[in-house]
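To start, the structure itself, in structure tokens.
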Amino acid sequence: MSVLLSVEGLSVSFTTYGRRSQVLHDVSLAVPEGAQIALVGESGSGKSVTMKTIMGILPVPPAKVEGGRILFAGRDLLTMPERDRLRLRGTAMSMVFQDPMSSLNPVFTIQDQLGTILKYADRRLGRDRDRRGRRVRILEVLAQVRMRDPERVARSFPIMLSGGMRQRILIAMALLSEPRLLIADEPGTALDVTTQAQILKLLKDLVTENGLALLMITHNLGVVRQTCGYTYVMNRGRIVEHGATQAIFEAPAEDYTRNLIAAVPRLTGRNG
Amino acid sequence: MEFLVFLGRRVLWSLLVLFGLSVVIFTIARVVPGDPARMALGPRASAEQVQALQETLGLNRPLWEQYGLFLSGLAQGDLGRSLLTAQSVNVDIARTFPATFELVLCTIVLAFVLGVPLGVAAARWKDRWPDNLVRALAIVSAVTPTFFLALLLQILAGYVLNILPTTGRLPASLPFQADITGLLLIDSLIRGRGDVFAEAVRHLLLPTIALGAATMGQIARITRASLIDVSRQDYIEAARAFGVPDRLRMFKYMLRPAFVPPLTITGLEFASLIGNAFVVELIFSWPGMASYGVRAITQKDLNAIMGVVMVSGVFFVLVNLLIDVLVGVVDPRIRIRGARA
Ligand SMILES: Nc1ncnc2c1ncn2[C@@H]1O[C@H](COP(=O)(O)OP(=O)(O)O)[C@@H](O)[C@H]1O
Ligand SMILES: [Mg+2]
């Protein structure tokens, strides 16, 4: 399998009030085409910063990429022209946001929000699709994320939908432009355990159905066990351990990983 | 449908507010010392004359009965007779209110139309010079008393620079009857009188600035804070991650969710605006309700007091109702919650 995303020696620092602190130290990881890879670590270890750097949505400043490369399909995202980068963002690589309550704009309908995203994605890719074509595609992805009544959901404002439904819309948002890589940052952690399990199952199914590569970011190792074959463990901005998920679970090399495993809530482990 | 429920609630609420206002003002007006009949007739009138007038006015009846009379008049749209002008209060107010209405309305529109873009600029260039300028402006305008600003403008623009008129709505040399809507800006246009329109604008300028500066500063400040708050929301970051262009993010995805606080503050500011309008009107000799209202209060002209207060109250309530509707249009959360609650 060829490598789709490859992060090599990535270092990122933040400067706030004149004080510089390094948040990522020489981070390397690889996501093969169509594979499901996990990045785990306790809260504050730098997972979201990694994700934002890959997506190119790091706030610069205060953030600064100190070094490293991020290869996507063989091209370095950090040195490619901004135009090319924009063409990839939200299209070939897109992300599932974490918090379904705060990641949708409260004053626009789902149709409106997905429509705007699709319109500009089409424009960047030079694709020609009119309003009706966009609507068809939106209803299609809404059905894909198992919405029972896509028409009604499309007309709704976020406040009219449950947390689980909103999270599924965030997934639909990521699928709109047929990405090759999906990055999910703590999907569903804001939801109750049962709904979260359903979301993870859905994500896994969608990824398999569509042959997407998935980079799953989480602080919950229980989530990883059912979803991902390979796991990277991050601690204070460094990758401290990586390997087949099964092997890591059976024989963690680091105390830090052992603690993460010990912290897995029993319930989530069962119904992934 | 949900919007109608939301609106119905707001209307009921407004009626309640007006009712409360009428009770409070009615009581206060009658409880403060001083005999309206004596004041109206003057010190020379005999005790019998005073008593006769008290009886015609119903002043010797119990308070709740007087209130009942007032209400039944109000229900028929009759505010009663003024003791001072000896005219129907309806007529007095119809004569003076349009000028006040025009002044206050222009002020609020101007404050909003200027305040919001200033707030947007401040948020867009946060911590740079436009932001500092707007923040300084907001603070200075907030701490400057209206009467002081009014006098300052009058002296500066009126007398020192001599570029703008400082009294009235129109020059004496330009007779014009605003007999359609009562608003000079509109009536002059309907009649095709560009000269009157231009003069009306020139006359409105100073009073409007004096009255609206503080409100504009507040609106700018609130718009700025609201936009900065929204800009930190996850959904803005998400829009960015999905490649929604900068300009669209600023003006669609951010401005609309951020729009409710400035609208709300405008409604709240409106109360102090009506109060300050009285001051500004007196300073600029604006032929509005102010001088009528002030005289009514000092002379205890009960019906006139109630008339001025109730008309101001209805004005306030209607503007806030309009703002509620706008808020509901802008933000579905409020509309939906408002219908459910
Ligand atoms: N905008 C920012 N400014 C300063 N420091 C930040 C910022 N975002 C993240 N950090 C720092 O980076 C570190 C990693 O954060 P993050 O990647 O969000 O952790 P997590 O693994 O929980 O997702 C934290 O110590 C945090 O303080
Ligand atoms: Mg995080």
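The values are calculated or read from the model by the stated rules, or taken from the named source; none is laboratory data. Just so it is clear, the structure is predicted and the values come from calculations on it, not from any experiment. No Cβ is skipped: glycine too gets one built from the backbone with ideal geometry, and neighbour counts run over all protein chains shown. All accessible areas refer to the heavy atoms of the entire protein, side chains included, with ligands and DNA or RNA removed. Shrake-Rupley method; radii C 1.70, N 1.55, O 1.52, S 1.80 Å.
Couplings 3J(HN,Hα) for segment B:2-9, derived from phi with the Karplus relation 6.51 cos²θ - 1.76 cosθ + 1.60 (θ = phi - 60°), are 4, 5, 5, 4, 4, 5, x, 4 Hz, where x marks Gly and Pro.
Neighbours of B:Asp179, meaning other residues whose beta-carbon lies under 15 angstrom from its beta-carbon, give a summed charge of +2 when Lys and Arg score +1 and Asp and Glu score -1.
Mean per-residue shielding of peptide A:113-123 is 3, counting Cβ atoms of other chains within 10 Å of each Cβ. If the elastic network links every pair of Cα atoms under 10 Å, which of A:Arg89, A:Arg166, A:Arg152 fluctuates the most in the Gaussian network model of chain A? Greatest mean-square fluctuation among the candidates belongs to A:Arg152.
Can you pull out the buried accessible area for chains B and A, both sides counted, probe 1.4 Å, rounded to the nearest 100 Å²? Write down the numbers at each step before the final one.
Details: alone 18230 and 12970 Å², together 28790 Å².
For B against A, buried area totals roughly 2400 Å².
For segment B:2-75, the per residue solvent-accessible surface stands at 65 Å², with DNA, RNA and ligands left out and a 1.4 Å probe.
Please give the charge dipole size of the protein assembly as shown, origin at the Cα centre, charges +1 on K and R Cβ atoms and -1 on D and E Cβ atoms. Round to the nearest 20 debye. Walk me through the numbers before you get to the answer.
On the way: 66 positive and 49 negative charges, 214 e Å.
The calculated dipole for the protein assembly as shown is roughly 1020 debye.
Using a 1.4 Å probe on the protein heavy atoms, what percent of the accessible area of chain B belongs to carbon and sulfur? Taking all protein chains in place, chain B shows 67 percent carbon and sulfur surface.
Computed from phi, the 3J(HN,Hα) profile of segment B:183-190 under the Karplus parametrisation 6.51, -1.76, 1.60 (θ = phi - 60°) reads 8, 4, 4, 7, 4, 5, 5, 4 Hz, with x in place of Gly and Pro.
From the alpha carbon centroid of segment A:182-216 to that of segment A:34-81 is 20 Å.
Taking all protein chains together, B:Asp78, B:Asp324, B:Asp246 sort by accessible area into B:Asp246, B:Asp78, B:Asp324, largest first [probe 1.4 Å].
Could you work out the mean count of beta carbons from other protein chains within 10 Å of each residue's beta carbon in A:95-105? It would help to have the intermediate numbers written out before the result.
Numbers: counts 3, 1, 6, 2, 3, 1, 1, 5, 8, 3, 12.
Per residue, the average neighbour count from other chains is 4.
Which one, A:Thr257, A:Leu191, A:Val223, is farthest towards the positive end of the dipole of segment A:171-272 when Lys and Arg carry +1 and Asp and Glu -1 on their Cβ? Ranked along the dipole, the leading option is A:Thr257.
Counting helices only, and only those DSSP H runs with n ≥ 4, report the 222 nm mean residue ellipticity of the protein assembly as shown as the sum of -39,500 (n - 2.57) divided by its residues, in deg cm²/dmol to the nearest 500.
Working: 26 runs with 357 residues, N = 613.
-18500 deg cm²/dmol, from helical runs alone.
Between the DSSP loop rule and a limit of at most 15 other Cβ atoms within 10 Å, which chymotrypsin sites (Phe, Trp or Tyr not before Pro) in segment B:239-341 are left?
On the way: sites: B:Phe242, B:Phe251, B:Tyr253, B:Phe259, B:Phe270, B:Phe278, B:Phe284, B:Tyr292, B:Phe315, B:Phe316; in loops: B:Phe242, B:Phe259, B:Phe284.
Taking segment B:239-341 and a limit of 15 other Cβ atoms within 10 Å, no loop chymotrypsin sites (Phe, Trp or Tyr not before Pro) are found.
Which value, in debye to the nearest 20, gives the size of the charge dipole of segment B:2-75 about its Cα centre, when Lys and Arg are +1 and Asp and Glu are -1 at the Cβ?
Working: 6 positive and 5 negative charges, 33 e Å.
So the magnitude is around 160 debye.
Averaged over residues, the count of other Cβ atoms within 10 Å places the peptides A:9-22, B:109-122 in the sequence B:109-122, A:9-22, highest first.
Solvent exposure of segment B:166-254 amounts to 44 Å² per residue of accessible area, where only protein heavy atoms count and the probe is 1.4 Å.
Based on protein heavy atoms only, segment A:3-263 ends up with 42 Å² per residue of surface accessible to a 1.4 Å probe. If you take the charge dipole of the protein assembly as shown about its Cα centre, with +1 on Lys and Arg Cβ and -1 on Asp and Glu Cβ, which of B:Ala45, A:Gly67, A:Gly41 is farthest toward its positive end? Towards the positive end, the residue furthest out is A:Gly67. Take every Cα pair under 8 Å whose residues are at least 6 apart in sequence, average their separation, divide by the length of chain A, and the relative contact order is 26 percent.
Here is the list for segment B:202-233: trypsin sites (Lys or Arg not before Pro) lying in DSSP coil, each with at most 12 other C-beta atoms within 10 angstrom of its C-beta, are B:Arg232.
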